[in-house]
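Below: one structure, written as C-alpha cells.
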Amino acid sequence: MKRKMTAGFVILLALTALVFGEAFVWAQQTVKYPTKAVEILVGYGAGGASDITARILAPHLEKILGQPVVVVNKPGGGGEIAYTMLAKANPDGYTLGLINSPATISIPLSRKVSYTMNDFAYIGNVIYHENLIVVKPDSKIKTFEDFIAEAKAKAGKLNVGNSGPYADDHLASLALQHAAGIKVKDTPFQGTAPSLVSLLGGHIDAVVCNVADIVEKVKQEQVRVVFTMGEKRNELFPNAPTMKEKGMNVVMGNYTTLGAPAKTPPEILNKLIEAMKQAMSSPEFIKKSGDAKLPVKYFSAEEIAKIYKQDTTALENLWKTLNLPTQK
Amino acid sequence: MDFTQNLLNGFALAFSLENLGICFLGTLIGTVTGVLPGIGPTAAMALLIPVSFGLPPTASLILLAGIYYGAMYGGSTTSILLNIPGEAASVVTCIDGYQMAKKGKAGTALAVAAIGSWAAGTAAVIGVMLFAPPLARFALLFGPPEYFSIALLGLLVLSNLSGGSFSRSSLAMVLGLMLSTMGIDLMSGLTRFTLGFVELSDGIEFAPVIMGLFGLSEVFQVITSVEKPSEVLKVKFRELYPKFRELKPAFGAMIRGTLIGFPVGLLPGPSGTLSSFAAYRLEKTFSKKPEEFGTGVIQGVAGPESANNSATTASLIPLFALGLPFAPPVAILLSGLMIHGISPGPFFIRDHGNVFWTVIASMYLGNLMLMILNLPLVGVFASLIKTPPRILMPIITALMFVGAYSINARMFDVVILLSFGLFGFLMKKCGFEPAPLIIGLILGKIFEESLRQGLNVVDGNLWLFFSRPITAILMCLSLAVFLWGLYKWHAGRKLSRNS
C-alpha cells in the first residue's frame, strides 16, 4: 500500500514537472519546431492535381524546415475526410493540409459536416487558376456574345459539361448563368477529363473548367477558349475576354492553400509562413512546378484569408439566391 | 520505312541498361501488386509517382506502364490458387481457375494465364502501335447514351454468367446494382445511402467487397466444412507443370479473348474487369459443352486472362492519341508524364516520338519478361496448394486484412471485408453465386451515370437514344437478348411442367 502511494506521488511529481516545464518553455517562447516529420494531408487521391502540388512543394519545405515533410492522401467525400481531419488535428504544427476554394467552403453549404472554415489557419496559397469556357475548335460559338446568344436560342438546351455536381466548375457555370440571365443544361461528369472526352466527341456543346485542365489541349488545337472568369485576361489566352470586361462581376477560380488547424501557436505558424514564402520563391520550385504546368500563384496568409472570406460570402449568397440543394 | 526506323530506334533506346532495368522493375512490381489482394495497380502506380520525379520521362513512363500491365499477369495467381482475385479484372478467373486448382491442375491454369497474357499483351501493343490515332477517333463516337446502351447490354448478357438459376443470379445482380448507388449522387452532389458513414460517401470500395465475397467466404467454407480440413491434394512437384497437350484447347480462347478485350479497352471505366467477364461469356457461348463451365474448364481461364491484358494495353490508346485518360490507372500515367512537362495528345507521336517508340518497344520486352518471370514461378506458386489449410487459411486471411486496410489506410474497409465475407458465405449456403453481384456493382456506376448524363444530352427524351445509330443497334440487341431470355425461361418452365 505504502509502496503504491509512493509510486503515485512520484508520478504526480513527474507530471507536475512536465506541466510546469512545458509552461516554462512557453513563457520563454523558445519553441523547438519542428523536431519530427510534418504531415501534409491531401483530400484527393495520389496523382491528381492537389497531390502533385503537395508532392512538388514538400521537398522544398523539407529543406527549409530541416525535417521530413510527408504527403498523406486521405481521399473521400470530395475532400471532406481530409478537411475534417485537418480541422480536428492536434494544433502542434505537425499536421498541415491543403485547403481548396471553393470545395472546402461549398461542402459545408451543401451537407452537414463536422468542420467550419473557422477551424483553419492559413500558411500561404500555392495554386490559383480561373474558370473558363471551352468549345471544340470548329464550334460556331466564337465570342462571349455568341455563347450568350446560343444559350438563349437553345432555350436552356445548350449542354455544358462540368467536373462534378456543385463542385468548383459547376458553381462557376451557375454564377455565369445567374449574372448573364441565361439558362444552360449543366451535365456533371466525374472529373474534367471525361467531360472533355464528351466535348471532343461532339456529344455536348461546351465545358466549364480551369486553366490547367486545358492549357495543353488549346496548344494541340483540340479545344478553344471562348472567355474566362478571371480578374483580368490570362496571358496564355490573350484573345479570350473576361466576364468583367463584358460588364459582369463574375470572378470564379480555384485556389489551393496550405493550411493548419486554427489553434496552431502563432510562433509555429509564423515559422511555417516564412518557410512557405521561401520555398515558393526558390528557383528550383519555380522550375519544377513550371515543368508540371502547375498554375502557381503565391498569396500571403493574410491575403488568402481575405480572399477566402469574400469567397465564403459569395458562395453563401449563391446558395441562397439560387436555392441550391442542401442536406442538413 | 519511317515506321520501321522509328520502332528500331525505340528498341535501341529500350535496350539501354537503365531502361531494361526500369522495365523489369516495373513489371516485377506490377506482378507483385497483382498477386497481393487489395492493393491494385492504381495505388501502386500512385505510390511510385514521387519516385518517377527523379527519372527521365521515358523511364518513368516505362516504369508506370510496366506496373499497369504487369498487374494483369499477377492478378490471376491468387484467383486460381486461393479463390481470391488479386485485382478486380481477375474475378472471373476464380470461377474455373480455382476449380482447376482443386483438381490438381493449378500449374496448367497458371501457365495458360501467363501465356495468354503474353500473347494478348503483345498483340495489343501491335494494335496500339499501328492504329492509335484512328482508334482514338473511333472511341470519341461513344458518348453517354452509347455507354448506357453498352452497360445495359452488359448487364443482360453477363448477369447469368455462371449458369444456375436465372432468378437467383438476377437477384444477386440487382443487389450489386443497389450497392453501387451508395455515395454522392451524380446530379445533386448530395450523399445517399451512406448510413451516415463519411467513408461511404465515395461509394463502397470494390476490392474489400470482392475479397470478402470470394476469398473470405471460401475461408469460412473451409472452416465449417464437414470434410477433414487437413486434406491436402497429393500432387508430385513435376505434375504441377503443364503439358502441351493440356494447353492446346486454350489457344482459340486466347485469340478470342484478345479480340474482344481490345475494343472493350477503348471504353471508359473498369475496362479490364469488363473485358474478362465478356470473354468468359464468349467462351461459354462458343463452347460445345457450356454446362462444363464452372467445373474447371481451361478456356474459362485462357479467355478472360487474355482479354484483360488486351484491354489494359488498348486503354493506353486514348491517353496517347488524345491525352485523355479513360480509366483511373491511366490517369496516374498521365500525371506521371505531365510532371515531366510532356502532354500526350494528337501531336504526342510527332513531338515526343522518342518517348512513344521507346515505351512501345519496352512494352514488347516487358510482356516477354513477364512471361519468363511467371512461367518458372508456376511450379512454386502451384505447390502452395500442398500447404494444409490450417496453415494456409490464417495466412491468406491476414493478407486480405492487410490488403483491405492498405487501400485507404482505414479500418472501415476491413469491416466491409468481414461483412461481405460473412455475406458471401451465406450466399453460397443458399445457392447464390457471388459473380453476378460483382457485375451489378461494377456496371451499376456506369449504368446510372451514363443514363443520367445521356438523358441530359438528349434533352430528357429516352426515345431519342434510338436516333443515334450505335445506341439504337445496341438497344435493339439488348431487347433481343431480353426476349430470348424470356422465351427460354418460358420454354424451360413448360418443359419442367410437362415432365
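Some points to look at:
- The stretch B:1-12 residues that are within 14 Å of B:Val125 (Cβ to Cβ), paired with ones that are open to solvent by 70 Å² or more (accessible area, probe 1.4 Å) (beta carbon under 8 Å, 6 or more apart): B:Gly10/B:Asn354
- Flag for A:Asp119 being in contact with a Leu (Cβ under 9 Å, 6 or more places away or on another chain), open to solvent by 10 Å² or more (accessible area, probe 1.4 Å) and of a type in the set (Asp, Glu): yes
- Where a residue in the stretch B:415-436 is among the acidic types (Asp, Glu) and its partner, wherever it lies, is open to solvent by less than 60 Å² (accessible area, probe 1.4 Å) and modelled with pLDDT of 90 or more, with Cβ under 7 Å and at least six apart: B:Glu433/B:Ala172
- Being in a helix (DSSP H, G or I), in the same structural domain as A:Ile307 (by TED's automatic domain parsing) and closer than 21 Å to B:Asp202 by Cα is a description that does not apply to A:Leu98.
- Checked against the criterion of being assigned to a helix (DSSP H, G or I) and touching a residue at least 24 places away in the same chain (Cβ under 8 Å), the candidates B:Ile39, B:Ile29 yield just one match: B:Ile29.
Residue-by-condition table, conditions (1) over 20 Å from A:Leu315 (Cβ atoms); (2) within 12 Å of chain B (Cβ to nearest Cβ); (3) among the hydroxyl-bearing types (Ser, Thr, Tyr):
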| position | (1), (2), (3) |
| --- | --- |
| A:Ala54 | yes, yes, no |
| A:Leu65 | yes, no, no |
| A:Pro75 | yes, yes, no |
| A:Met85 | yes, yes, no |
| A:Thr104 | no, no, yes |
| A:Ser110 | no, yes, yes |
| A:Thr116 | no, no, yes |
| A:Val126 | yes, no, no |
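- Single residue of the stretch A:172-198 satisfying the filter (more than 10 Å from chain B (Cβ to nearest Cβ) and of a type in the set (Val, Ile, Thr)) that is surrounded by the most Cβ atoms within 10 Å (Cβ to Cβ): A:Val184
- Residues of the stretch A:244-279 satisfying the condition of being under 22 Å from the mean Cα position of the chain (by Cα), closer than 21 Å to A:Leu171 by Cβ and not in a strand (DSSP E or B): A:Asn249, A:Val250, A:Val251, A:Met252
- Test: residue in the stretch A:257-269 that is among the β-branched types (Val, Ile, Thr) and more than 30 Å from A:Val226 (Cβ to Cβ): yes
- The residues listed here are B:Ile95, B:Ile84, B:Ile62; of these, the one that is of a type in the set (A, V, I, L, M, F, W, C), out of contact with any Asp or Glu (no Cβ under 8 Å at 6 or more places or on another chain) and more than 30 Å from A:Lys287 (Cα to Cα) is B:Ile95.
- Only one of the listed residues (A:Val134, A:Val160) is at pLDDT 95 or above, within 11 Å of chain B (Cβ to nearest Cβ) and either within 26 Å of A:Ile105 (Cα to Cα) or open to solvent by 10 Å² or more (accessible area, probe 1.4 Å) (or both). That residue is A:Val160.
- Put simply, of B:Glu239, B:Glu218, B:Glu205, B:Glu283 the only residue that is away from chain A (no Cβ under 14 Å), open to solvent by 30 Å² or more (accessible area, probe 1.4 Å) and either under 25 Å from B:Thr93 (Cβ atoms) or at pLDDT 85 or above (or both) is B:Glu239.
- Filtered residues of the stretch A:199-239 (kept if basic (Lys, Arg), part of a helix (DSSP H, G or I) and buried (at least 18 other Cβ atoms within 10 Å of the Cβ)): A:Lys217
- Taking the numbered list (1) surrounded by 19 or more Cβ atoms within 10 Å (Cβ to Cβ); (2) in a helix (DSSP H, G or I); (3) not aliphatic (A, V, I, L, M) in turn, B:Pro394 passes all entries but (1).
- Some residue of the stretch B:427-442 being assigned to a helix (DSSP H, G or I), more than 30 Å from B:Pro144 (Cβ to Cβ) and either among the charged types (D, E, K, R) or open to solvent by 70 Å² or more (accessible area, probe 1.4 Å) (or both): yes
- Test set (1) crowded, with 23+ Cβ neighbours inside 10 Å; (2) at the interface with another protein chain (Cβ under 9 Å from one of its Cβ atoms); (3) without any contact (Cβ under 8 Å) to a residue 40 or more places away in the chain - A:Ala151 fails condition number: (2)
- Considered as a group, the residues in the stretch A:56-95 that are in a helix (DSSP H, G or I) and among the charged types (D, E, K, R) include one that is farthest from A:Asn254 (Cα to Cα), and that residue is A:Lys63.
- Filtered residues of the stretch A:261-295 (kept if among the aliphatic types (A, V, I, L, M) and either outside the structural domain of A:Ser50 (by TED's automatic domain parsing) or in contact with a strand residue (DSSP E or B) (Cβ under 7 Å, 6 or more places away or on another chain) (or both)): A:Ala262, A:Leu269, A:Leu272, A:Ile273, A:Met276, A:Met280, A:Leu294
- Elements of type helices (runs of 4 or more DSSP H) contained in the stretch B:320-384, each with 2 or more residues being free of Cβ contacts under 8 Å to residues at least 12 places away in the same chain and away from every other protein chain (no Cβ under 14 Å): B:353-382
- Candidate set from the stretch B:49-88 (those that are more than 16 Å from B:Thr27 (Cα to Cα) and small (Gly, Ala, Ser)); member that is least open to solvent (accessible area, probe 1.4 Å): B:Ser79
- Filter pass, A:Pro108 being without any contact (Cβ under 8 Å) to a residue 40 or more places away in the chain and either in a loop (DSSP other than H, G, I, E, B) or more than 30 Å from A:Glu62 (Cβ to Cβ) (or both): yes
- Within the stretch B:43-57, the residues that satisfy the criterion of being within 25 Å of the chain's Cα centre (by Cα) and at the interface with chain A (Cβ under 8 Å from one of its Cβ atoms) are B:Ala43, B:Met45, B:Ala46, B:Leu47, B:Ile49.
- Residue match in the stretch B:404-412 (condition: away from chain A (no Cβ under 14 Å), within 24 Å of B:Gly272 (Cα to Cα) and of a type in the set (S, T, N, Q)): no
The values are calculated or read from the model by the stated rules, or taken from the named source; none is laboratory data. In this text the structure is predicted, and so the values were computed from the model without any measurement. We place every Cβ from the backbone using ideal geometry, glycine too, and count neighbours over all the protein chains shown. Please note that ligands, DNA and RNA were not included when accessible areas were found on the heavy atoms of the full protein model with its side chains. Shrake-Rupley method; radii C 1.70, N 1.55, O 1.52, S 1.80 Å.
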